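Inspection log for the structure reproduced underneath, given as structure tokens.
Just so it is clear, none of the values below were taken in a lab; they were calculated from the coordinates. The structure presented is a predicted model; accordingly, all values stated were derived computationally and were not measured. Reconstructed Cβ throughout: ideal geometry from the backbone, glycine too, with neighbour counts over all protein chains shown.
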Amino acid sequence: MKNGLEDVVAAETKLSDVDGEGGRLIIRGLSLDHLVATETYEDVAALLLDGFFPQRIDSAELRIRLGHARITVFAHFAAIDPDLAALPPVEAMRALIARLPDGDDLDTALHLIAAPAVFLPALLRLQKHEAPIAPNASLSQSADILAMLTGNVPSQQQVAALDAYLVTISDHGLNASTFTARVVASTGAGLTSSALAAVSALKGPLHGGAPGPVLDMLDAIGTPDNAKTWIGAALDRRERLMGFGHRVYRVRDPRADALKGALKPLVAAGQVNAERLDLAQAVEAAALAILKERKPDRPLDVNVEFYTALLLDALGFSREAFTGVFAIGRMVGWIAHAREQALEGRLIRPRSVYVGPLPQAA
Ligand code: ACO
């Protein structure tokens with residue numbers, strides 16, 4: 001038995017390949033570097049969904065229909081009760097997604113892809129006692145998210161940075177939340193059910209819940225000269241360093257560098273806290289050196305969540321919202337995998353080994 005299903009192959013997919021030894025991510029035949037440099041979020045969403053619905057949809061049409069889907073989904077927000085709005089953003093978002101009808105068609109998919117992008121900014125505004133802002137269907141998904149969050153027209157650099165983030169995290173093999181989505185889809189339950197289960201799996205600190213704690217860690221370390229001592233003490237307490245380590249990557253997570261690159265225009269525009277960036281780089285260097293010394297048999301490097309924390313912070317998201325933004329980007333990957341599973345897969349039903357007591361002989 002493989003504890004945690006490590007190295008177990010549980011699906012064939014045409015969607016993405018995570019090369020853990022080479023540090024490479026391929027999505028639909030294209031490398032992550034290429035996608036981040038040349039494609040918009042809508043391009044990548046269209047690419048991921050291609051072939052999974054009876055009607056084909058290109059990037060331009062997807063942008064238009066996604067804009068309309070954001071408007072439709074926003075109507076669900078009117079009935080929100082204050083108790084729900086007070087929940088942590090990702091939990092409130094999950095409860096709102098649960099109100100969407102289930103189905104396996106393209107409209108259900110587009111409403112699900114629009115839903116977290118609309119719900120998260122609205123929830124974050126409500127928590128600050130500000131009125132939610134209605135979506136603008138003519139904007140790209142990234143520009144509209146930022147406009148709904150702040151009420152201002154976002155800068156070109158901000159839109160490009162969020163778009164690069166959404167592209168970077170759009171799909172990533174059989175991670176815990178995507179596997180969850182495929183398990184639910186394999187029962188024939190529908191896309192909304194798959195997406196809801198996936199959001200729940202994403203929320204944990206070992207998966208999509210890590211970037212908020214990355215900022216907590218940077219705050220606790222405080223200054224670059226404190227990094228070595230703080231990290232050493234944390235490892236003495238057998239704590240895990242958030243934003244480091246990965247089940248598949250044995251080298252640097254390529255998404256970390258994609259996001260570090262996406263931060264550069266924001267840095268040039270003075271939109272990143274320069275002290276925090278210096279601190280992050282010092283923490284990264286110190287952590288890598290100490291982990292190499294302490295865990296010589298387990299290569300541990302930076303993962304996607306480390307620079308996610310800096311990027312989303314620079315874009316004005318509070319740390320409690322980071323997992324919700326992750327859900328915005330990953331939703332299209334979950335849906336593509338759920339459709340692939342439903343169309344080409346079989347009920348997922350593994351076996352367990354019983355290690356409990358046996359009935360006593362009479
Ligand atoms: N800090 C310190 N030690 C670590 C870390 C870390 N971040 N990650 C793994 N290790 C150590 C473990 O303590 C263990 O050491 P031991 O054998 O001496 O006990 C060894 O490396 C192997 O750890 P596993 O738990 O077997 O590794 P696994 O593949 O299950 O874990 C995971 C992967 C969960 C991502 C892990 O690296 C971790 O907890 N990282 C921190 C949380 C994080 O950043 N999560 C985001 C991941 S990216 C994503 O999901 C989008």
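Ellipticity at 222 nm from helices only: DSSP H runs of n ≥ 4 in the chain, each -39500 (n - 2.57), divided by the residue count, give -18000 deg cm²/dmol. Based on the Cβ-Cβ distance from residue 250 to residue 362, what FRET efficiency comes out when R0 is 45 Å, to the nearest 0.05? According to the calculation, E is roughly 0.25.
Model label sites at residue 99 and residue 60, defined 7 Å from Cα along the beta-carbon direction, differ in position by 3.5 nm.
The residue 107 and residue 346 beta-carbon pair, evaluated with R₀ = 25 Å, returns a calculated FRET efficiency of approximately 0.45. Here the spin labels are modelled as points 7 Å beyond Cα on the Cα-Cβ line, and at residue 31 and residue 87 they lie 4.2 nm apart. Based on C-alpha pairs under 8 angstrom that are at least 6 apart in sequence, region 211-314 has a relative contact order of 47 percent. Eigen-decomposition of the gyration tensor built on the alpha-carbon atoms of the chain gives equivalent ellipsoid semi-axes of 30, 28, 20 angstrom, largest listed first. Amide hydrogen proximity for residue 244: with H placed 1.01 Å from N in the peptide plane, the residues at 5 or more positions away or on another chain lying under 5 Å are 303. Peptides 226-233, 166-173, 242-249, 81-88 ordered by packing proxy, namely the average of other Cβ atoms within 10 Å per residue, highest first: 166-173, 242-249, 226-233, 81-88. In this structure, the amide hydrogen of residue 16, modeled 1.01 Å from its nitrogen in the peptide plane, lies closer than 5 angstrom to those of 28, 173, counting only residues at least 5 positions away or on a different chain. Summarising the label geometry, the points placed 7 Å from Cα in the beta-carbon direction at residue 240 and residue 50 lie 3.5 nm from one another.
Seen through its C-alpha gyration tensor, with square-root eigenvalues sorted a ≥ b ≥ c, region 229-319 comes out prolate because a/c lies at 1.5 or above while a/b is bigger than b/c. First check a/c for region 81-210, with a ≥ b ≥ c the square roots of the eigenvalues of its C-alpha gyration tensor; if it is under 1.5, answer rounded, and if not, answer prolate when a/b is larger than b/c or oblate otherwise. Because a/c hits 1.5 or more and a/b exceeds b/c, region 81-210 counts as prolate.
Assuming a ≥ b ≥ c are the square roots of the Cα gyration tensor eigenvalues, decide whether region 158-308 counts as rounded (a/c under 1.5), prolate (otherwise, with a/b larger than b/c) or oblate. Taking the square roots of the gyration eigenvalues as a ≥ b ≥ c, region 158-308 is oblate.
Where in region 317-362 are there chymotrypsin sites (Phe, Trp or Tyr not before Pro) that are in a DSSP coil and have at most 15 other Cβ atoms within 10 angstrom of their Cβ? Here the chymotrypsin sites (Phe, Trp or Tyr not before Pro) that fit, given the DSSP loop and packing criteria, are 354.
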